[in-house]
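Engineer: Sending over a structure as structure tokens; questions will come in a sec.
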Amino acid sequence: MNWEAIGAIGELVGAIGVVVTLIYLAYQIRQNTEQLEKSTLAAKAAAQNASNEALRENRKAIFESPEMAEIWHHGNHSPETLDVLPKLRYRLIMQNVTEVMLEIYTQTLITSFSPETWKTQGVSLVKRVLATPGGQWFWASFADNYPAGFQAEVNRILSQE
């Protein structure tokens, strides 16, 4: 065997090594991509669960307390009839619910939640909560506490009511 043949065999072995390495890297990249997709889905699910948990806690505060249920009912229908402390409590629960709406809206924009999430949960919350007389009072009084994009979206939804 001469040096040219040995050199050719060395090049062949090197080329095979490069191909094997590229195949291995492609496999690793595919696995990494799959893991990233799973992590992204888990993060979205956790964020969705956090929003749902916040809503459950707000509802729980209302249905477990007859006093709070009465404040919620009267506040939604005629907030002007509430005394100072019940009105404060009503405002705070409205603020909690509106912040959940903001969270869903923001998650939809930033973390690529499905737009359907905002349509099915956020929009329905705006219509159900902020379209009431109490919700209108709250929004007219405290909308400026929220980001401009969210204000515009809520105003758009309420204008369709």
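Engineer: Sum -39500 (n - 2.57) across every DSSP H segment of at least 4 residues in the chain, then divide by the residue count to get the 222 nm mean residue ellipticity, nearest 500.
Structural biologist: After summing the helix terms and dividing by the residues of the chain, the value is -27000 deg cm²/dmol.
Engineer: Would you mind getting me the FRET efficiency between Ala131 and Glu34? Use the beta-carbon distance for r and R0 = 35 Å, nearest 0.05.
Structural biologist: Using R0 = 35 Å, I get an efficiency of 0.20.
Engineer: Given contacts defined as C-alpha pairs under 8 Å and at least six residues apart, what's the relative contact order of region 43-159, whole-number percent?
Structural biologist: Here the relative contact order equals 26 percent.
Engineer: Continuing with the same structure: To the nearest 10 degrees, how steep is helix 3-63 against the longest Cα principal axis of the chain, on a 0 to 90 scale?
Structural biologist: The answer is roughly 10 degrees.
Engineer: Can you put Val13, Val84, Val97 in order, fewest other beta carbons within 10 Å first?
Structural biologist: Val84, Val13, Val97
Engineer: Taking a temperature of 37 °C and a viscosity of 0.692 mPa s, what whole-number D in µm²/s does Stokes-Einstein yield for region 43-159 with Rh from Kirkwood over alpha carbon pairs?
Structural biologist: 226
Engineer: Enumerate the calculated ³J(HN,Hα) couplings along region 135-143 in order (Karplus 6.51 cos²θ - 1.76 cosθ + 1.60, θ = phi - 60°), each rounded to whole Hz, writing x wherever the residue is Gly or Pro.
Structural biologist: x, 5, 4, 4, 5, 5, 7, 10, 4
Engineer: Follow-up. With axes computed from alpha carbons, what is the tilt in degrees of helix 84-110 against the longest principal axis of the chain, rounded to the nearest 10 within 0 to 90?
Structural biologist: That helix lies at roughly 20 degrees to the long axis.
None of the figures in this text is laboratory data; all of them are computed from the coordinates on show. Keep in mind it's a predicted model, so treat the numbers as computed, not measured. Here Cβ is always computed from backbone atoms with ideal geometry, including for glycine, and neighbour counts include all displayed protein chains.
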